[in-house]
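These notes are about the structure you will find just below.
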Amino acid sequence: MSKGARMSTDCTFCRIAAGEAPADDEFVAFRDAHPRAPVHLIVMPRQHVTSLDVVEQLGSDAAGRLLRFIAMLAREQGVHETGYRVVTNIGPDAGQEVFHLHWHLMGGRRLGDMA
């Protein structure tokens, strides 16, 4: 983990970020266990932050670096030309099940409406 990053041993995503998936110093990406599109990655910071609601805990410009990381992954996965979706859920009413800030990067086919 990068210097100063915190890990929660109770968080599945923190354990994945500890070295079980491709990553850079700050962020990690891995295939969703239950994909909803041909390309469906989970992208998250290594540091344990519960949701976008407290993104400032990542520090200065980390959110911008995370979005650039997601865009790079979309190019690597070949979905940047036809389009892709980036979604994060914040809180139980929005469908957040794992309380470690993460985005779903989905593409590879025409995606339906979000309802």
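Multiply the residue gap between SER60 and ASP113 by 0.36 nm, knock off their C-alpha separation, and tell me the result in nm, one decimal place.
So the extension gain works out to 15.7 nm.
Once every Cα of the range 25-70 carries one equal point scatterer and solvent is ignored, give the base-10 log of I(q)/I(0) from the Debye formula at q = 0.34 Å⁻¹, two decimals.
Cα-only, vacuum Debye calculation for the range 25-70: -1.27.
If r is the Cβ-Cβ distance from GLU81 to ALA33 and R0 is 35 Å, what FRET efficiency results, to the nearest 0.05?
Computed FRET efficiency for GLU81 and ALA33 comes out at 0.85.
Residue by residue through the range 63-68, which ³J(HN,Hα) values in whole Hz follow from phi under the Karplus form 6.51 cos²θ - 1.76 cosθ + 1.60 (θ = phi - 60°), with glycine and proline marked x?
4, x, 5, 5, 5, 5
Return a whole-number percent for the relative contact order of the range 12-107, with Cα pairs under 8 Å and 6 or more residues apart as the contact set.
Answer for the range 12-107 is 34 percent.
Can you give the Rg to Rh ratio for the range 12-107, taking only C-alpha atoms and Rh from Kirkwood?
Using Cα coordinates only, the ratio equals 0.93.
Taking amide H positions as placed in the peptide plane 1.01 Å from N, state which residues far from VAL28 in sequence (5 or more) or on other chains have amide H under 5 Å from it.
Hits under the 5 Å cutoff: MET44, ARG46.
Which residues in the range 72-101 have a backbone N closer than 11 Å to a point placed 7 Å from the Cα of LEU52 along the Cα-to-Cβ line?
Counting only backbone N, you get 86-91.
Read-outs throughout are calculated quantities, based only on the coordinates presented, and are distinct from any laboratory measurement. Quick caveat: nothing in here was measured; it's all calculated off a predicted structure. No Cβ is skipped: glycine too gets one built from the backbone with ideal geometry, and neighbour counts run over all protein chains shown.
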